[in-house]
Amino acid sequence: MDQRLSIITLGVRDIAEARRFFEDGLGWKRAAFDSDAIAFYATGGTVLALFGSAALAEDAGLAVDDPALDDGAFSRISIAWNGDSKAAVDEAFTTAVTAGAEAVKAPVEAFWGGYSGYVRIPGGHLMELAYNPFFPLGPDGSVTLPPPGDD
């Protein structure tokens with residue numbers, strides 16, 4: 001199997017609220033496929049999907065009350081948005097909070113040499129907003145990882 005992810009799907013409690021956050025709040029554009037049950041957003045080389053938590057559980061063959069499902073406190077999944085500067089991260093953090101995200105950790109200098117903060121987006125998932133000087137961004141915003149062995 002080749003090394004890639006095609007779609008990252010977040011189970012959210014309220015699809016409409018999550019859509020408002022991404023579309024009205026952050027200005028993201030939904031893909032052409034349109035349904036009240038799921039939303040897709042092109043994010044460079046991958047796609048972000050929003051799907052109702054109960055529908056996601058059913059699709060995976062899990063009972064809605066399965067303890068493996070997110071209880072909303074911390075799903076053990078975060079998504080990340082990388083900017084090209086600390087100022088871009090600060091602006092993204094403010095935009096996300098204004099759009100309805102909960103501020104979890106304001107952007108600060110990170111132990112690994114970058115700059116990042118976290119918000120909790122509608123649906124309960126964490127979103128890291130980061131500037132990583134070691135992972136340059138391409139013109140389309142895609143992350144470039146250094147080759148193996150580069151320190």
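The values are calculated or read from the model by the stated rules, or taken from the named source; none is laboratory data. If you're wondering where the values come from, they're calculated on a predicted model, not measured in any experiment. Quick reminder, even Gly has a Cβ in these numbers, built from the backbone with ideal geometry, and neighbours come from all protein chains shown. The area values use the complete protein model at the heavy-atom level, side chains included, leaving out ligands, DNA and RNA. Shrake-Rupley method; radii C 1.70, N 1.55, O 1.52, S 1.80 Å.
The table below lists the values:
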item	result
Residue list for the stretch 29-73, restricted to those being of a type outside the set (K, R), modelled with pLDDT of 85 or more, open to solvent by less than 80 Å² (accessible area, probe 1.4 Å) and in contact with a Lys or Arg (Cβ under 9 Å, 6 or more places away or on another chain)	A39, F40, Y41, T46, L50, G52
Residue that is most open to solvent (accessible area, probe 1.4 Å), among those in the stretch 86-117 that are touching a residue at least 40 places away in the same chain (Cβ under 8 Å) and in contact with a helix residue (DSSP H, G or I) (Cβ under 9 Å, 6 or more places away or on another chain)	T98
Residues of the stretch 118-151 that turn out to be outside any strand (DSSP E or B), aliphatic (A, V, I, L, M) and either touching a strand residue (DSSP E or B) at 6+ places or on another chain (Cβ under 9 Å) or open to solvent by less than 20 Å² (accessible area, probe 1.4 Å) (or both), as a count	1
Close pairs (8 angstrom Cβ cut-off, 6 or more residues apart or separate chains): in contact (Cβ under 8 Å) with a residue 24 or more places away in the chain in the stretch 19-30, open to solvent by 40 Å² or more (accessible area, probe 1.4 Å) and assigned to a helix (DSSP H, G or I) anywhere	G25/T95; G25/T98; L26/T95
Tally of residues being of a type outside the set (F, W, Y) and touching a Leu at 6+ places or on another chain (Cβ under 8 Å) across the stretch 122-151	4
